[in-house]
Every structure is written in structure tokens, then in C-alpha cells.
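Visitor: Can you keep this structure in mind? I'll have questions shortly.
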Amino acid sequence: MKSDGELQAELMPPEGEQHAAPPPVQGMARRARPSAAWLRLRGILSNLASVPITLFGLAVVTFFIGRVVPIDPVLAIVGDRAPQDVVDRARLELGLDQPLYIQFWRYLGQIVHGDLGRSVMTSNPVTQDIARFLPATFELATLAIIIAVAIGVPLGVWAATQQGKLVDQAVRLFCLAGHSLPVFVLGLLSLLLFYATLGWAPGPGRQSIYFDGMVDVHTGILTIDSLIAGDWPAFWDALAHLAQPAGVLAFFSLAYIARMTRAFMLAELKSEYVTTARAKGLSSARIVWRHAFGNILVPLVTVLAMTYAGLLEGAVLTETIFSWPGLGQYLTVSLLNADMNAVLGATLVVGLIYVALNLLADMLYRLLDPRVK
């Protein structure tokens, strides 16, 4: 019978091998894990690589829309009563007698060089028209989204924290009205009340007639250009004209933003970590704004980006009611006048705006949520 000491001595390895490291396995070299910053950068680069494919698909769609619609671009240029030889010559000059794949190749080359054709309605290059009309839409949409976010996000958070109470019911009713009331009805009521009846707001348009042409154009945004020029009367006049259409757009946008914020917050406030934070005695404000609201930023960024893109594409009815010379009105008038170069050019610009904002939202995901690689 061996003693405990003898058994332990037998189980111990020889003296020279006690601290020897296990032999390395051949072909199994250690690989360093990529850092989080590199993973985010790689994700951003992969998204950037997909942009040309998206833009190519957008060019294909816009090209075939221009060929499918029952509008002859030649007749839109020369008129319905032009002689046949004039029509044939114009068709030859435009290259419309060529096969579709050759026409598409030429169209793609024009887009790459920034040439969207010439507008029949204004006789200007489409890029020049868009550069003139887009700043007005940008000014209108930016003010509208600022108002919508400043009111809609806190309203949605407040409604979520008061679920089932009178405040929550009032916010839900407000959001329902924002989605149900047609924009042209709200715009006309706004003009009738604040302009025609009370006289608090100026009439339609972007600027009063006596300020027309008095401010030098630098950015195309009247409020900024008037500030650059130091013309305060022109600034207040431009801001007064901007208030009504921006308020109408903001009403619909903040209703949607408030509803989505409320839905996101309700899901977070029912989470286990919120229950744990309350059990630890953390304040309600810290739980709501530091923890729950921080976790809804990623989906909320998508909502805000797509809402802003929808405003930038041109609020057609709002710009028409308020005679706002923006991209939406330009697109509508061009379509009514069968100006297909302008319609396709504006459509392509709208698609670029959506792609750019979608890419920006994805970059913000990676900054706000470290789990996104």
C-alpha cells in the first residue's frame, strides 16, 4: 500500500518538465482581433462601395421612366404643329433615333458629367434650375424638421412616461390628427386664419415684392443671405414668409416623430434594465433620458433621416399653396408642361438626397451604437 506522498510523487512530472509550455500547434498562428474602429471604418467603406450601384439603378429607373411615359419629348420641344421634317430633324439631333442601349449609354455619360439636359419650360440647363430652386426647399425643410424634432421628440417621450393617462391620450389624438388632416386643408386654413382674417402673417410667396432683388444671392437661402448682407428688415420679412409653410410641414412631421418616439420609448421602459434601475433608486429623469432614450437613438435616427428626406424631396402641395418656389413646385410645373428633362433631373436629385441621407444615418448608427460593426 503506497502512501499519499508516494502517489503524489508518481503523478508529478519530471523536474525539467514541470514548467515547460505545451508545444505550439503548427499552422495555428494567433491572429489579432480587429479593433472596433477598424470594423466601423470597414462598414462605412462597404456602404460607400454600394453607392455607385444604387446610383446606377436609379439612372436605369429614371431613363426608362422617360421612355415609358406617353409624352414625346420632341413634340414637347418643337410643338404639336411643327412640320414633320422639323420633328425628324429634332429627333435626330436628340439621338432618339438610336437603339435604347445607345440612348442609355449617352444618358449615363451625360449624368456622369453633370449634364441633365435643357429644360423646355425655362430654356436653361436643368442643373442650373435645380441649383436655383433647391435652396428654397432646403430652407423650408430644414426649419420644419428643426421644429418637428424640438417638439415631437419630447412630446413622444412625455406621452410614453404617462402611458394611459390624459396626457398620453391627448398626444395620441394629436398624432392622429396630424396624419389624418390633408395638407392642403391645413395650408388653406392657415392662410385663411393668419393671413386673410387676422392679418398676422404675410401672403403667399417667399418674399414681399418690395424686397425682391434687394439682397445679393450667396447661398440661395434668403434668411442667410439677408443676414450676410446685414439687411434685418429683409431677414424678418423672409422669416415671416417662411413661418406658415414651415409650420404646416412641421405639424405633419412632428406628429409622425412623436408617435414613433412614443412607441420606441414604451418598448424600452418595459425592459428589465429599467426595472433594475428603478429598484436601485435612480431618478425617473435619469432612467428616461440617460438610459431609455439613449437606447432608442439608433432607430430614431432612421425616422428623422427619412422624414427629412421626405421634406427635401419637395412638399408639392405645401409649396403650391404658399407659392413657394422650391423643388416640389418646379417638379410639378415641369410635369404639367411635359418637360421630361426637368422631371427626370429633379427625380434623380431626389434619389441622390435619399441615398445621401441613408448613408449619413448608417454612419450615425455606428457612432451611436458600438454593437454595430
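The values are calculated or read from the model by the stated rules, or taken from the named source; none is laboratory data. Given the structure is predicted, the values throughout are model-derived calculations rather than measurements. With ligands, DNA and RNA removed, areas are computed over all heavy atoms of the protein, side chains included. Shrake-Rupley method; radii C 1.70, N 1.55, O 1.52, S 1.80 Å.
Visitor: Please report the carbon-and-sulfur percent of the accessible area for region 199-317; probe 1.4 Å, protein heavy atoms only, DNA, RNA and ligands left out.
Guide: About 62 percent, which is the carbon plus sulfur part of the accessible surface.
Visitor: Send over a whole-number figure in Å² for the accessible area per residue of region 42-112, probe 1.4 Å.
Guide: On a per-residue basis, 67 Å².
Visitor: Using the heavy atoms of the protein chains alone and a 1.4 angstrom probe, what is the accessible area of region 222-373 per residue in square angstrom?
Guide: That works out to 45 Å² per residue.
Visitor: Return the long-range amide H neighbours of residue 118 (sequence gap of 5 or more, or a different chain), with a cut-off of under 5 Å between placed amide H atoms.
Guide: Answer set, sorted by chain and number: 126.
Visitor: In vacuum, with every alpha carbon of region 127-368 counted as one equal point scatterer, what does the Debye formula give for log10 I(q)/I(0) at q = 0.08, 0.12, 0.14, 0.17 Å⁻¹? Two decimals, please.
Guide: -0.38, -0.79, -0.99, -1.26
Visitor: Keeping the other protein chains in place, figure out the carbon and sulfur percent of the accessible area of region 42-112, with a 1.4 Å probe.
Guide: 66
Visitor: Across all directions of projection, what mean area in square nanometres is found for the Cα convex hull of region 42-112?
Guide: Spelled out: convex hull of the Cα atoms, projected over all directions, averaged, 5.7 nm².
Visitor: Express the Stokes-Einstein translational diffusion coefficient of region 244-373 in µm² s⁻¹, to the nearest whole number, given a Kirkwood radius over alpha-carbon pairs, 4 °C and a viscosity of 1.567 mPa s.
Guide: Once the numbers are plugged in, D ends up at 75 µm²/s.
Visitor: Between region 96-154 and region 273-301, how many Å separate their Cα centres?
Guide: 42
Visitor: So how compact is region 150-287: Cα radius of gyration and Dmax in angstrom?
Guide: Rg then Dmax for region 150-287, in Å: 21.0, 64.
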